[in-house]
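Only the coordinates and a few stated rules stand behind these numbers; no lab work does. For clarity, every value in this text was computed on a predicted model and none was experimentally measured. With ideal geometry, Cβ positions are generated from the backbone for all residues, glycine too; neighbour counts draw on all protein chains shown.
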Amino acid sequence: MKVVVTGASGNIGAALLRDHPWCAVGVSRRRPETNLPYVECDIGGPTAVAQLTEAFAGADAVVHLAWAIHPRTTEPDMWRTNLGGTTNVLRAVVAAGVPHFVCASSVAAYASADRWRFVTENWPCTGVRGSAYSLGKSVLESQLDAFERRHPGVKVARIRPCGVVQGSSAATFRGWLLSPLVPTSLIGRRWLPVPLWTGMRLQLVHSEDVADALRLIVEHGAVGAFNLAAEPVLDADEIAGRFGGRRVPVPLGVLTAAAWATWRAGLQPLHPGWVRLADQASLVDSAKARTELGWTARHDPFGTLDELVGAMRSLGRAPYRIRPGRPSHQSQSP
């Protein structure tokens, strides 16, 4: 099989291309860490459709993973990349006659449910208010629905994973989560206090497990939506215990206000829209992936988080500097 993977240098793309049974071609703005054939392409750019159509020619499947999750202010606008880029990818799929299209959505696309309710794939994909990432994934779901109606001859599958991490993505997550003022050597120290709100809960899945699900979807020619999450759910105390020593209970409103002030001042990268999403994102049931694909998560969330924390602790200096009064990353306000 020939399988083309957009976002080949990203968190999931790198895991997917590390161990694959196909003739694979990677597409990304930056060269991925692989010796596989590679096409340099900005999917939101003016020449993207022509480049992608050529790259997709003869492909049995296209796996679309390219997404600007939390871009810096110096990078292309995330709406241009995400909305415009996906439109370009879908046009190229049709132009090249690709029979199977597989796309990475997210649990963030779901509307908020009761805090401890696990939702299935038929839960509304109307997103979480206050989060641009969530709104973007909700729009993506609408794009895919419309594409399926217009092109019934193309098989379409979509995954909706929870938080996807691996040790090799530590530098990316450090850049999204931590201020350059925070030495990474402090991460994971037992005496380090971690401020989190009561009621926080988090689902994680290892990038390799998401890659396994994508392989199964491609090999089976599967269609439809599939939730992906490892068990069990992590609570605030468990998260704090792995990032530091103990949790300091801080009300969500206080953390949100602090995030606004420090993000606007350029002191740290985490826009408060991410805090909102972390509190309101729905928990998901992955039974469909287990029964229809035969998928199981090989990594538990405790080990996955420990892997990420350990890798983050070993990193050196942050790749960017503080510019007082200028946010380092793009706004996550819808």
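Quick notes on this one:
- At the listed q of 0.09, 0.17 Å⁻¹, the Debye profile of the range 166-302, built from one uniform point per Cα, gives log10 I(q)/I(0) equal to -0.34, -1.04.
- Taking a straight line from the alpha carbon of Lys137, not one of the lysines sits under 17 Å away once near neighbours fewer than eight places off in the same chain are left out.
- Lys, Arg +1 and Asp, Glu -1 on Cβ, resulting dipole of the range 209-330 about Cα centre, debye, nearest 20: 920
- Positive-end extreme of charge dipole, the chain - chosen from Leu293, Gly84, Pro124 (charges on Cβ): Gly84
- Trypsin sites (Lys or Arg not before Pro) restricted to DSSP loop in the range 1-61 with at most 14 other C-beta within 10 Å: Arg30
- DSSP bridge pairs, the chain: antiparallel proportion in percent, nearest 5: 10
- Computed over the range 1-48, the quotient of the alpha carbon radius of gyration and 2.2 N^0.38 Å is 1.07.
- Farthest toward the positive end of the dipole of the range 224-276, out of Leu255, Gly266, Asn227, is the Cα of Gly266, where the dipole comes from beta carbon charges about the Cα centre.
- Simple Cβ-charge dipole of the range 277-326, Lys/Arg +1 and Asp/Glu -1, about Cα centre, in debye nearest 20: 520
- Kirkwood Rh in Å, taken over all unlike Cα pairs in the range 222-319: 16.4
- Put the Cα centre of the range 273-307 next to the Cα centre of the range 139-200 and the gap is 11 Å.
- Unit charges on C-beta of K, R, D, E only; dipole of the chain, Debye: 1060
- Here is the size of the range 74-219 from its Cα atoms: Rg then Dmax, 18.1, 58 Å.
- What the Cα convex hull of the chain gives, in volume per residue, is 123 Å³.
- For peptides 315-326, 161-172, 284-295, sequence by mean Cβ density within 10 Å, most packed first: 161-172, 284-295, 315-326
- Under-5 Å amide H pairs with Gln332, H placed in peptide plane, nonlocal only: Gly273
- Phi-derived couplings, Karplus 6.51 cos²θ - 1.76 cosθ + 1.60 at θ = phi - 60°, listed residue by residue for the range 277-288: 5, 4, 7, 9, 4, 6, 7, 10, 9, 9, 4, 4 Hz, with x used for Gly and Pro.
- Site pair Arg150 and Arg321 shows an inter-label distance of 4.7 nm when each label is modelled 7 Å from Cα along Cα→Cβ.
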